[in-house]
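Working notes, structure below.
The values are calculated or read from the model by the stated rules, or taken from the named source; none is laboratory data. It should be emphasised that the depicted structure is a prediction, and the values quoted were computed from it without experimental measurement. We place every Cβ from the backbone using ideal geometry, glycine too, and count neighbours over all the protein chains shown.
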Amino acid sequence: MRIGVHGRAMEAVDAPVLMRTIEQMTAFGLEPVLTKSLATWLAEVGHPVPWTVLNDDELIRHRLALFVSLGGDGTLLDTVSLVGRSEIPILGINLGRLGFLSNVRLDTVEKAMAAIRDGRYALQDRALVEVVDHPELLGAHNFALNEVSIHKQDSASMIAVHVHLADEFLNTYWADGLIIATPTGSTAYSLSCGGPVVFPTSDALVINPICPHNLNVRPFVVPDHFTIRLQLEARTDRCLLNLDSRSVSVDGQSTITIQRAKFAMKMVQFEDSDFLDTLRKKLSWGLDVRSSAPKG
């Protein structure tokens with residue numbers, strides 16, 4: 001089974017851990033195919049790779065069964081961008097702190113690789129959102145797993161964002177910016193701005209203002225069949241349009257049209273992998289001296 005492997009450049013002292021992780025894959029009969037950026041970084045820090053190196057346009061030719069992300073949630077978002085519309089399944093192996101997306105720990109890699117080899121895993125569709133206009137700025141990478149957001153540029157004054165759901169006016173948000181988050185993204189930027197946690201397979205989107213001027217404005221959850229149209233009204237010439245970790249500068253009077261993408265990110269899920277368990281660990285829910293774990 002051929003599997004793609006992607007990772008970001010890290011401290012050189014972390015390279016041996018990454019190499020051992022890839023070697024564990026080969027020990028279970030899997031054939032790693034590394035992204036060019038990962039292979040280049042490993043060679044630069046003294047670890048030339050003996051495995052196949054993947055050029056950016058070779059996803060289909062290599063017939064990859066799945067893609068492994070080595071790092072944190074940010075690395076997995078990079079992998080989603082790399083995989084794009086091919087819908088190759090993605091597995092996140094976390095090399096640091098517990099992540100919502102990269103939730104396979106280093107001490108469970110062998111167990112995970114055995115499950116991959118034996119086909120003991122399921123695929124969970126995670127919805128993406130895409131910006132359907134501004135192809136001159138976004139090209140083919142017009143989609144995001146966590147969120148699309150609009151933000152004022154630098155230290156500029158707050159912006160006004162006039163929001164329509166389909167053809168119906170919703171609200172004008174006076175704020176530093178606005179987030180349109182997927183259920184997966186509800187535990188990312190939106191959560192830090194006071195947004196709700198949404199179960200990852202829900203058919204919903206979260207509209208969440210960033211530092212709103214009106215304190216009675218709150219995050220709003222809507223069905224994801226709506227097309228969301230944002231009309232910007234900024235006092236400066238430019239605003240930032242962000243798709244996960246990618247940013248482009250847009251005209252301060254732009255219209256941004258967002259909808260659920262027609263393709264999904266397929267996340268590898270194991271039997272003992274559970275979003276609610278990750279949620280409790282990540283957010284420390286239930287850690288109170290007055291309570292004990294429920295029985296059963």
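List of remarks:
- Among the numbered conditions (1) among the polar types (S, T, N, Q); (2) in contact with a helix residue (DSSP H, G or I) (Cβ under 8 Å, 6 or more places away or on another chain); (3) at pLDDT below 95, the only one that residue 208 does not meet is (3).
- Residue in the range 161-174 that is nearest to residue 236 (Cα to Cα), counting only those that are touching a residue at least 60 places away in the same chain (Cβ under 8 Å) and buried (at least 17 other Cβ atoms within 10 Å of the Cβ): 161
- Hits in the range 214-233 (condition: closer than 15 Å to residue 149 by Cα and aliphatic (A, V, I, L, M)): 228, 230, 232
- Residue match in the range 58-69 (condition: of a type in the set (A, V, I, L, M) and assigned to a strand (DSSP E or B)): yes
- Residues in the range 64-101 that are of a type in the set (Ser, Thr, Tyr) and touching a Ser or Thr at 6+ places or on another chain (Cβ under 6 Å): 69, 75, 79.
- Taking the criterion of being more than 19 Å from residue 203 (Cβ to Cβ), in contact with a strand residue (DSSP E or B) (Cβ under 7 Å, 6 or more places away or on another chain) and not aliphatic (A, V, I, L, M), no residue of the range 258-278 qualifies.
- Selection within the range 93-110: residues that are in a helix (DSSP H, G or I) and touching a residue at least 12 places away in the same chain (Cβ under 8 Å). The member of this set that is nearest to residue 17 (Cα to Cα) is 106.
- Counting only strands (runs of 3 or more DSSP E) that sit completely within the range 130-207, those holding 1 or more residues that are of a type in the set (A, V, I, L, M, F, W, C) and touching a Phe, Trp or Tyr at 6+ places or on another chain (Cβ under 8 Å) correspond to 159-165, 168-175, 177-181.
- Any hit, the range 80-92, residues being in a loop (DSSP other than H, G, I, E, B), at pLDDT below 90 and charged (D, E, K, R): no
Yes or no, residue by residue, for (1) part of a loop (DSSP other than H, G, I, E, B); (2) modelled with pLDDT of 95 or more; (3) hydroxyl-bearing (Ser, Thr, Tyr):
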| site | (1), (2), (3) |
| --- | --- |
| 9 | yes, no, no |
| 17 | no, no, no |
| 42 | no, yes, no |
| 46 | yes, yes, no |
| 49 | yes, no, no |
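- Among the residues making up the range 175-195, those that are more than 18 Å from residue 132 (Cα to Cα) and either surrounded by fewer than 17 Cβ atoms within 10 Å (Cβ to Cβ) or touching an Asp or Glu at 6+ places or on another chain (Cβ under 7 Å) (or both) are 185, 188, 189, 190, 192, 194.
- For the range 126-176, the tally of residues that are of a type in the set (Ser, Thr, Tyr) and modelled with pLDDT of 95 or more stands at 3.
- Filtering 274, 244, 203 for residues that are in contact (Cβ under 8 Å) with a residue 24 or more places away in the chain and over 23 Å from residue 160 (Cα atoms) leaves a single hit, 203.
- Residue in the range 197-212 that is within 19 Å of the chain's Cα centre (by Cα), at negative phi and among the charged types (D, E, K, R) present: yes
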